[in-house]
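Structure record follows, encoded as structure tokens.
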């Protein structure tokens with residue numbers, strides 16, 4: 001009796017990346033690969049390989065559905081820890097960067113088809129590093145976003161409905177938690193970690 005081979009649906013929106021994924025996976029024994037069929041093909045698959053945005057959307061849809069569904073593998077250039085966390089929090093099971101090796105891709109697909117999680121070494125290190133850092137409070141995050149937008153203390157206070165002294169306290173907390181020397185340094189570090197948009201911070 002033959003075991004059913006895992007069905008892998010490649011739904012990556014980047015045509016070049018999609019073609020590369022299909023080429024690599026097709027050379028590996030033990031998988032059936034599909035690329036067409038839209039939502040119906042996704043629902044039938046054991047593993048869906050897609051990009052960051054698509055992976056988050058599919059994972060959230062899967063969480064809302066009753067019964068089993070495909071495990072989502074994200075293959076992306078998004079390497080900021082906040083981006084990785086957002087995907088994992090949404091329910092993504094695997095996360096690879098686009099410069100991963102063929103072996104990494106094969107191992108990830110194999111593990112997800114068995115119901116196991118898979119993170120590339122770089123992604124795992126990023127998550128491990130983030131766990132050692134003190135998390136920002138919601139208010140500190142609000143202040144950080146406004147700092148990145150170029151707001152002064154008075155404007156931040158007015159926007160958030162708090163006193164200037166309270167803003168200064170939050171900024172002091174941000175500098176400590178981000179290990180930054182000044183407010184502009186804090187914004188740079190935050191952008192590098194994906195905590196604020198690099199374009200908004202003027203770093204794109």
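The values are calculated or read from the model by the stated rules, or taken from the named source; none is laboratory data. Quick caveat: nothing in here was measured; it's all calculated off a predicted structure. Here the Cβ is made from the backbone with ideal geometry for all residues, glycine too, and neighbour counts use every protein chain on show.
Step by step: first the residues of region 123-152, then only those that are under 30 Å from residue 71 (Cβ atoms) and exposed (fewer than 14 other Cβ atoms within 10 Å of the Cβ), then the one that is modelled with the lowest pLDDT. Which residue is that?
132
State which residue is nearest to residue 195 (Cα to Cα) when the search covers only region 37-68 and only residues that are part of a loop (DSSP other than H, G, I, E, B) and in contact with a strand residue (DSSP E or B) (Cβ under 9 Å, 6 or more places away or on another chain).
So the residue we want is 51.
If you scan region 157-182, which residues turn out to be surrounded by 19 or more Cβ atoms within 10 Å (Cβ to Cβ) and either in contact with a strand residue (DSSP E or B) (Cβ under 7 Å, 6 or more places away or on another chain) or modelled with pLDDT of 90 or more (or both)?
Across region 157-182, the qualifying residues are 157, 167, 170, 171, 174.
Tell me, which residue of region 140-196 that is closer than 16 Å to residue 80 by Cβ and assigned to a loop (DSSP other than H, G, I, E, B) is farthest from the chain's Cα centre (by Cα)?
Of everything passing the filter in region 140-196, 196 is farthest from the chain's Cα centre (by Cα).
Might you let me know whether region 125-143 holds any residue that is in contact with a strand residue (DSSP E or B) (Cβ under 8 Å, 6 or more places away or on another chain) and within 30 Å of residue 46 (Cα to Cα)?
Yes: one or more hits.
What about residue 120, is it in the same structural domain as residue 108 (by TED's automatic domain parsing), touching a strand residue (DSSP E or B) at 6+ places or on another chain (Cβ under 6 Å) and surrounded by 13 or more Cβ atoms within 10 Å (Cβ to Cβ)?
Against the criterion (in the same structural domain as residue 108 (by TED's automatic domain parsing), touching a strand residue (DSSP E or B) at 6+ places or on another chain (Cβ under 6 Å) and surrounded by 13 or more Cβ atoms within 10 Å (Cβ to Cβ)), residue 120 qualifies.
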